[in-house]
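Step one of this worksheet: look at the structure below.
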Amino acid sequence: MPKKDPYASLRFKEFRYFLVIRFALIFAWGMQFVVIEWEIYSMTKDPLSLGFIGLAEVIPAVSLALFAGHFVDKLEKRSLLQKCILGFLFISTGLFLLTWPLFNSHLSVDLTLILVYAMVFVGGIVRAFLGPTVFSLFSLIIPKKHYPNGSVWSSGAWQMGAVLGPAIGGLTIGWIGVHWSLLVIVGFALVAFVFLLFIESKPIMNTAQDEGVLKSLKEGIQYVYNTKEILGAISLDMIAVLFGGAIALLPVFAQDILHVGSTGFGFLRAAPAVGSFLTIMIVTYFPLNKHAGLKLLAAVFGFGACIIVFGISQWFLVSLIALFFSGVTDGISVVIRQTILQLKTPDHMRGRVASVNGMFVGSSNELGAFESGITAKLMGTVTAVVFGGTMTCFVVLLTGLFSPKMRKLDFSKDLEDNDLS
C-alpha cells in the first residue's frame, strides 16, 4: 500500500459501511433541522422561536454529555449505535405525525409547538450518545496509522450529508411539503440502521471494573484540560460557532430580507456545507499537517469575516458566496480539529473525550442558535449577524496574540514519529 495513499482507509469494507451510516444520519439530521426551522418560523414569524429550537436540544445534550461518554467507553459500540438510530427514528416518526393534518388538526398551535420542542429535546438526549459512539466506533474499524486519512473521509461524509440534507430539505418543502419531507428523513434513518447490520460487534477497550462514574468523568475532563492541543482547538472552534451562528437565522433572511422562498433557503442552508465538503476533498490530497495552528487561526478569522459579509448583504448571490466561503474556512477547521482528536486520544478514553468535545463544539451550535435568536430580537437580525462575525474575529486575534502554543501547533512530526504520515 502506498505510504500516502489518499484512499487507504476506503480499502476497509467496514469503513465504507461506516461512511454510508455517517452520511445517512447527518443527511437525515440536517434535513430534519431545516424542515423544523421552516415550519416553526412559518407558524410563529418570531426569530426567537428559532433560538428555542437550539436551546431545547442543547440542554439535554450538554447535561448528559459527560455521563454519555462514560457509558460509551464501557459499552459495545455497534449495539449502542443501533439504539441511537432507533431513538432518532422515534423522533422523526413523531415529527411526521405532528405535521400530519389528520393528526394536528385537533391540536392548537401552542400545543403543536410544545410537542415539537419536546421531540427536539429528546433529540438532544440521543445526540449526547450518538457523537461519542460514532467517534469511538471509527477507531475500531481501521488501523491507527490510517486515522488521519480516515478522518478526512469521515469528515467528507459528514459534510456531504450536511450539504445534501439542508438542500434537499429546502427543496422538498416546496415540492412535497413539510409533512412528507419528514417521511424522507425516516427513510434515511432506516438506511443507516440497515448498513450498521453489516458491521461486526467490536471489543470494549475500557475494561476497568472498579472505576466509578465520577472518577471516570474526572479523568476525561482532566485529560482534555491537560492536553493543550485538544483544549485550544475545540475552544477556538466553540467560540466561532457560538458567535457566528448566522445559520440559525437563515429562515428570516430567506423569507423577509432576501425574499427567495423555500428553494433559496435550501441553497443558502447548503452553501456552507458545499464549501466545507470541497475543501475537505482537496485536503485529502494536500494535508494540513504543517503549521496547523496558524492555519486554524486564519480559517476561523476568515469564517468570522464571511459571516459579516453575509449579514450586511442585500443580494442573494453575494449572500450565497459569503456562506460558501464560510464553509471553506470551516472545512479547514474541521479537518485540523478532527486530526488532533484522533491522534491525541487514547482508545480507552475516546467516548469521554468525544463527549467533552461535544460539550464544547456540538453544543455551541445550539447555544449559537439561541444567542442569535436573542440578539436578533434585541438588535435586529442584520445587526445580530454582524455582531457575531465581529466577535469571532476579535476572539481569534486575542487567541493568536496570547496563545503561543496555538500559533506553534504542528503535528506533522507526531505523524512521522508514529508512522502516520
Some residue of segment 65-75 being closer than 29 Å to Gly220 by Cβ, free of Cβ contacts under 8 Å to residues at least 60 places away in the same chain, in contact with a Ser or Thr (Cβ under 8 Å, 6 or more places away or on another chain) and not hydroxyl-bearing (Ser, Thr, Tyr): no
Within segment 271-304, tally of residues that are in contact with a Gly (Cβ under 6 Å, 6 or more places away or on another chain), modelled with pLDDT under 85 and among the hydroxyl-bearing types (Ser, Thr, Tyr): 1
Unmet requirement for Ile204, which otherwise passes all of (1) modelled with pLDDT under 95; (2) open to solvent by 50 Å² or more (accessible area, probe 1.4 Å); (3) not in a loop (DSSP other than H, G, I, E, B): (3)
Residue match in segment 37-57 (condition: among the acidic types (Asp, Glu) and touching a Leu at 6+ places or on another chain (Cβ under 8 Å)): yes
Complete set of residues in segment 132-154 that are crowded, with 24+ Cβ neighbours inside 10 Å and of a type in the set (D, E, K, R): none
Selected residue (only one of Ile340, Ile307 is among the hydrophobic types (A, V, I, L, M, F, W, C), closer than 22 Å to Gly30 by Cβ and either open to solvent by less than 20 Å² (accessible area, probe 1.4 Å) or modelled with pLDDT of 85 or more (or both)): Ile307
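Here's the yes/no breakdown for (1) in contact with a helix residue (DSSP H, G or I) (Cβ under 7 Å, 6 or more places away or on another chain); (2) surrounded by fewer than 19 Cβ atoms within 10 Å (Cβ to Cβ); (3) polar (S, T, N, Q):
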{"site": "Glu14", "(1), (2), (3)": "no, yes, no"}
{"site": "Ala24", "(1), (2), (3)": "yes, no, no"}
{"site": "Val35", "(1), (2), (3)": "yes, no, no"}
{"site": "Pro47", "(1), (2), (3)": "yes, no, no"}
{"site": "Ala61", "(1), (2), (3)": "yes, no, no"}
{"site": "Asp73", "(1), (2), (3)": "yes, no, no"}
{"site": "Leu95", "(1), (2), (3)": "yes, no, no"}
{"site": "Leu115", "(1), (2), (3)": "yes, yes, no"}
So Gln32, is it in a helix (DSSP H, G or I), of a type in the set (S, T, N, Q), closer than 21 Å to Ile142 by Cα and within 20 Å of the chain's Cα centre (by Cα): no
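The values are calculated or read from the model by the stated rules, or taken from the named source; none is laboratory data. Please read all numbers here as calculations on a predicted model, not as lab measurements. Note: ideal-geometry Cβ built from the backbone for every residue, glycine included; neighbour counts use all protein chains shown. Remember, those area values only see protein heavy atoms, side chains included, never the ligands or the DNA or RNA. Shrake-Rupley method; radii C 1.70, N 1.55, O 1.52, S 1.80 Å.
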